[in-house]
Amino acid sequence: MSKRIFGIKNCDTVKKALTYLESHNISYEFHDYKKLGIEASKIKEWAKIVPLEKLINSKGPTYRNLSEEDKEKLKTISTAIAVMQANTSVIKRPLIENMGKIILGFNEDEFNLYFNK
């Protein structure tokens, strides 16, 4: 089964991850948040594997531009989902799903370990 990569096509970190996968002949399916959005059930699924605070891209401009009320909502999964669906850039990227595991962001050494290269 191929890996599923979630992100935004024009994100530099996503581009690095995709370039790595392609250069290592690793097949993947790409899900673009901006074009396809993200289902609440998928966010819930991720939050069972990875702590919610790790799913949030708190260093990006989207997060910084959120209201204090929305930032507060990102602390609990029940309220975070709507904020994450409305502001998909606030989700850490890339997010890679593979056989029940998740890898967040791009780090070449971590990718080498994760993909056994």
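Since every read-out is calculated from the coordinates, none of them should be taken as a lab result. Worth saying up front: this structure is predicted, and the values here are computed from it rather than measured. Note: ideal-geometry Cβ built from the backbone for every residue, glycine included; neighbour counts use all protein chains shown.
One residue is enough: does the stretch 89-112 have a residue meeting the conditions surrounded by fewer than 17 Cβ atoms within 10 Å (Cβ to Cβ), farther than 23 Å from TYR20 by Cα and without any contact (Cβ under 8 Å) to a residue 40 or more places away in the chain?
No, that holds for no residue.
Enumerate the helices (runs of 4 or more DSSP H) found wholly within the stretch 35-101, keeping only those where 2 or more residues are touching a helix residue (DSSP H, G or I) at 6+ places or on another chain (Cβ under 9 Å) and aliphatic (A, V, I, L, M).
Counting at least 2 such residues, we get 40-49, 52-55, 77-86.
So which residues in the stretch 102-117 are assigned to a loop (DSSP other than H, G, I, E, B), among the hydrophobic types (A, V, I, L, M, F, W, C) and under 27 Å from ALA80 (Cβ atoms)?
PHE106
Output the residues belonging to the stretch 68-88 that are over 19 Å from LYS34 (Cβ atoms), among the polar types (S, T, N, Q) and in contact (Cβ under 8 Å) with a residue 24 or more places away in the chain.
Selection gives THR76 alone.
Could you say whether any residue in the stretch 10-31 is more than 22 Å from ASN107 (Cβ to Cβ) and either out of contact with any Cys (no Cβ under 9 Å at 6 or more places or on another chain) or in a helix (DSSP H, G or I) (or both)?
There is no residue in the stretch 10-31 that is more than 22 Å from ASN107 (Cβ to Cβ) and either out of contact with any Cys (no Cβ under 9 Å at 6 or more places or on another chain) or in a helix (DSSP H, G or I) (or both).
Residue-wise test of (1) charged (D, E, K, R); (2) buried (at least 18 other Cβ atoms within 10 Å of the Cβ).
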residue	(1), (2)
LYS34	yes, no
TRP46	no, yes
SER67	no, no
THR76	no, no
ILE81	no, yes
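Please enumerate the residues belonging to the stretch 23-48 that are under 18 Å from MET99 (Cβ atoms), touching a Ser or Thr at 6+ places or on another chain (Cβ under 9 Å) and among the charged types (D, E, K, R).
GLU29
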